[in-house]
Amino acid sequence: MAVSYKELGLVNTKEMFAKAVKGGYAIPAFNFNTMEQMQAIVQAAVETKSPVIMQVSKGARNYANGTILRYMAQGAVEYAKELGCANPQIVLHLDHGDSFELCKDCIDNGFSSVMIDGSALPYEDNIALTKKVVEYAHQHDVTVEAELGVLAGVEDEVQAEESHYTKPEEVIDFATRTGCDSLAISIGTSHGAYKFKPEQCTRDPKTGKLVPPPLAFDVLHAIEKKLPGFPIVLHGSSSVPQDEVDTINAHGGKLPDAVGIPEEQLREASRSAVCKINIDSDSRLAMTAAIRKYFDEHPEHFDPRQYLKPARENMQKMYEHKIVDVLGSNNKL
Ligand code: G3H
Ligand code: 13P
Ligand code: ZN
């Protein structure tokens, strides 16, 4: 039987994005696959009084089961209330939906927002697919994120070798004809922990660490000019904190030359029309670093609660840092 997100206490992105664009901050969109991620996201959002988007990829549905994830999101709302947040603003969002059928299934099963990612399709096909999803979603008051332009790297099991920046001259036509509520653009971010090849970077002479090329802010500003006040989304926005990478590598891991988007650039983007910033890899790194360290220091332990607790704490710390120091979505409830 179909269930509306409204019955679950979730909200769509409409009002949240309007306030974020006006207020010059961005809403965090954190991917989750496990209970510990969900708990850490809710704890961080409540602690910082931030709205939050909890997003589920196709891979997450395959891993954890779509029904379970939906009930976890419902549980997240109740948990936030239990933690003292009277009016939590939580969105359950499908990340990188790749078909009308998948989006419909999510809309029918409690999601308040969906992404239809037709970015790999020819332009007209992307418009047709996005429009079809928007028509169905809007009948249910569900908001839709679309994508124009291609990010390099892994897009939920799809690999793109090369990125293509979003063409500012296409965005008005695309947004008008599809009726989408927000638009993910390509300005140099990409998915995963290896966002740039070492040859695309310079090296900091003091630390020896890789310094990536800057994002294409000129493209972002040209898009903002074409669509004033329209909500823009950045995928692939993990910063790949070097202290977490170092911890992983110091405790048996092997992540050579992992590099992300510098946080100053995300801070700058948050002040613009960018009102949703997607972060997944940083959560994976925070969890893995804490667990590797714990295993190294306590080889005699084998109760998952012993090592998942510091993993959850480390993720919560990272989420709070993003909210307060990078996106600026704290104290907005
Ligand atoms: O866009 C990619 C997200 O990080 C989701 O990744 O497909 O491995 O769950 P995933
Ligand atoms: P990261 O891999 O940079 O965390 O990006 C996540 C993302 O864009 C999810 O859609
Ligand atoms: Zn993404």
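Distance between Cα centroids, the range 219-251 to the range 1-65: provide it in whole Å. Answer, in whole Å: 17. Look at the alpha carbon pairs under 8 Å that are at least 6 residues apart: their mean separation over the length of the chain gives a relative contact order of 22 percent. In straight-distance terms, cross-link reach from LYS132 covers every one of the lysines whose alpha-carbon lies under 16 Å from its own, apart from those fewer than eight places away in the same chain; here that gives LYS104. Rounded to a whole number, what is D in µm²/s for the range 1-110 from Stokes-Einstein with the Kirkwood radius over alpha-carbon pairs (4 °C, 1.567 mPa s)? In µm²/s, the coefficient rounds to 91. Straight-line reach from LYS317: taking Cα to Cα under 16 Å and skipping same-chain neighbours fewer than 8 places apart, the aspartates and glutamates in range are GLU36, GLU47, ASP243, GLU244, GLU263, ASP280, ASP282, ASP325. When you restrict to C-alpha pairs under 8 Å that are six or more residues apart and normalise by the size of the range 5-71, the relative contact order lands at 31 percent. Gyration tensor over the Cα atoms of the range 235-333: the corresponding equivalent ellipsoid has semi-axes (square roots of 5 times the eigenvalues, largest first) of 28, 16, 8 Å. Straight Cα distances below 18 angstrom link LYS332 to the lysines LYS14, LYS19, LYS22, LYS49, LYS81, LYS276, LYS322, with same-chain residues fewer than 8 positions distant left out. Seen from every direction in turn and averaged, the convex hull around the alpha carbons of the range 95-249 projects onto 10.8 nm².
Taken together, the values in this text are just the output of simple stated rules run on the coordinates, not laboratory data. These numbers come from a predicted model, not from an experiment.
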